[in-house]
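First the structure, in the form of structure tokens, and then the observations on it.
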């Protein structure tokens, strides 16, 4: 697949986006490439070439992305090589994996409210907001993901 200026820009924007949420830029660039490459699975050497990155940085990023369930290793019968592709349902899995953060934030706000139990309602308001919002998201987010699972199936995205 040719790597045009527009695809290079897309890959770089992905790198910046994922760097902004805590991954390395090369990890984001790998995700960007794997979202648009043909075939959808690539060997490490193909990623190195397509991205113009070092073998070691791609190797480390692939290990991290695999551990985060964003990328998965695949192999094919009769082919001893290892390939990488975006993990099946990586977006839903990623959101579900981070849902514990909602609970942690709610619990943190409850701890703060306990520490400020004798404070004025105005002083406690920001923590109450934090607690209520994260409690709401704890309840509603799983429902949204379940609804998305139905839409995904109806649209034929089950293989992604």
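The values are calculated or read from the model by the stated rules, or taken from the named source; none is laboratory data. Model, not experiment: these values are computed from the prediction. We place every Cβ from the backbone using ideal geometry, glycine too, and count neighbours over all the protein chains shown.
The table that follows gives values for the structure above.
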| item | result |
| --- | --- |
| Within region 36-72, tally of residues that are outside any helix (DSSP H, G or I), surrounded by 14 or more Cβ atoms within 10 Å (Cβ to Cβ) and without any contact (Cβ under 8 Å) to a residue 24 or more places away in the chain | 1 |
| Filter result (surrounded by fewer than 19 Cβ atoms within 10 Å (Cβ to Cβ) and either touching a helix residue (DSSP H, G or I) at 6+ places or on another chain (Cβ under 8 Å) or without any contact (Cβ under 8 Å) to a residue 40 or more places away in the chain (or both)) within region 73-90 | 73, 74, 75, 76, 77, 78, 79, 80, 81, 82, 85, 89 |
| Neighbours by Cβ (under 6 Å, 6+ apart or cross-chain): first from region 116-135, outside the structural domain of residue 104 (by TED's automatic domain parsing) and surrounded by 16 or more Cβ atoms within 10 Å (Cβ to Cβ); second in a loop (DSSP other than H, G, I, E, B) and modelled with pLDDT of 95 or more | none |
| Which numbered condition residue 82 fails, given (1) in a helix (DSSP H, G or I); (2) over 17 Å from residue 24 (Cβ atoms); (3) outside the structural domain of residue 137 (by TED's automatic domain parsing) | (1) |
| Residue match in region 14-34 (condition: touching a strand residue (DSSP E or B) at 6+ places or on another chain (Cβ under 6 Å) and under 16 Å from residue 160 (Cβ atoms)) | yes |
| Criterion violated by residue 22 - all others in (1) in a helix (DSSP H, G or I); (2) closer than 21 Å to residue 95 by Cα; (3) free of Cβ contacts under 8 Å to residues at least 24 places away in the same chain satisfied | (1) |
